[in-house]
1. Which lysines, if any, have their Cα less than 25 Å from the Cα of residue 99, not counting same-chain residues under 8 positions apart?
2. Assign one of three labels to segment 18-79, namely rounded, prolate or oblate, based on the Cα gyration tensor with a ≥ b ≥ c the square roots of its eigenvalues; rounded applies when a/c is under 1.5, prolate when it is not and a/b is larger than b/c, and oblate otherwise.
3. How many nm is it between the label spots at residue 130 and residue 83, if each spot is 7 Å from the Cα in line with the beta carbon?
4. Could you line up 211, 97 from fewest to most neighbouring Cβ atoms inside 10 Å?
5. Taking R0 as 25 Å, what FRET efficiency do you get between residue 157 and residue 210 from their Cβ-Cβ distance, rounded to the nearest 0.05?
6. Among 60, 18, 39, pick out the residue whose Cα is farthest towards the positive end of the charge dipole of segment 18-79, where Lys and Arg carry +1 and Asp and Glu carry -1 on C-beta, about the Cα centre.
7. Estimate the FRET efficiency between residue 68 and residue 114 by the formula 1/(1 + (r/R0)^6), using the beta-carbon distance for r and 22 Å for R0, to the nearest 0.05.
8. Let me know the shape class of segment 89-174, please: from the alpha-carbon gyration tensor, a ≥ b ≥ c as square roots of the eigenvalues, rounded when a/c is under 1.5, otherwise prolate if a/b is greater than b/c, or oblate.
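Just so you know, all these numbers are worked out from the coordinates, no wet-lab data involved. What you see is a predicted model; the values in this text were computed from it and never measured. Here the Cβ is made from the backbone with ideal geometry for all residues, glycine too, and neighbour counts use every protein chain on show.
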Amino acid sequence: MKYKAVIFDWDGTLMDSVAKIVESMQTSAKHFGLPVPNYNEAKNVIGISLLPALKKLFSIDDPKEANKLMVTYKEHFKNHSQISSPMFEGALEMLEELKSRGHILAVATGKARQGLENNLLHSHTGHLFTTSRTADDANSKPSPDMLEQILTELNLQANEVVMVGDTTYDMEMAESIGVDRIAVSFGVHESETLMRYNPIAVIDSLDELTEIV
C-alpha cells in the first residue's frame, strides 16, 4: 500500500455540485442587486471556504455585507435550488474499494460542517470516512491547516497520505507541506492549470484512483 490515507476534496471531486453552487451564487447576487458573475467567474472561487469565496467574487470588504450574502446563498442552496448534485459516477464504488483495502479515508473541504454532514448522510458515504475538516474547523484553502490537522489526528506523516482534488487550492494546500497530489480533470479547474502543481497524476474518472493509490 503506497499511501495509508487518501484525503478527498468534496465539491467537484466526489460530488457533481459545481452547477448548483454557481447558480446559488448568481441568485444571491440578483437578490442583493449585485453584478451577476458569469459561470466561469463563479466557478473559479469554488474550493475556498464560502465567506472568503464570496468576498473575492464580489469584491466585498464589509464583513456584515458578506455575511448577509452568505446567509442568502445557504438558504437558496439548501431550500430553493432546483439543480441536483449527485455523486460522480463510480465515486461510491471507488471509496468502498479503497476502504476494503485498508486505506484510511478523509475529507478536506471548503464546505461548512453542516453541509458536509448532510451530503455524507444523503450519499450514504459517512461510514467510509474516518475524519474530516471543513470551513468551520480550519483556515480556508490553500492554507495547509486542514491537512495538518488531519495528519495530526491520524498520527501520519506527509509522505503517508495523498490529496485528491479538482482545484488549484487543493493542489497548493498539499504541495505546501509535501503531500502528494492527484488532480481530477472533471471539476472546477482545467487540467493544464492543475499540472502547475506537479500532481502525481491527473485522472479523468474516479475509478482510476484504485490503480494509483
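1. Result set, ordered by chain and number: 2, 4, 111.
2. Because its axes are fairly even, with a/c under 1.5, segment 18-79 counts as rounded.
3. About 3.5 nm, to one decimal.
4. On the way: 211 8, 97 14.
The fewest-first ordering by Cβ neighbours comes to 211, 97.
5. Details: r = 23 Å, r/R0 = 0.93.
Efficiency, rounded to the nearest 0.05: 0.60.
6. Going by the Cα projections, it comes out as 18.
7. Values: r = 18 Å, r/R0 = 0.84.
Once rounded, the FRET efficiency stands at 0.75.
8. Oblate.
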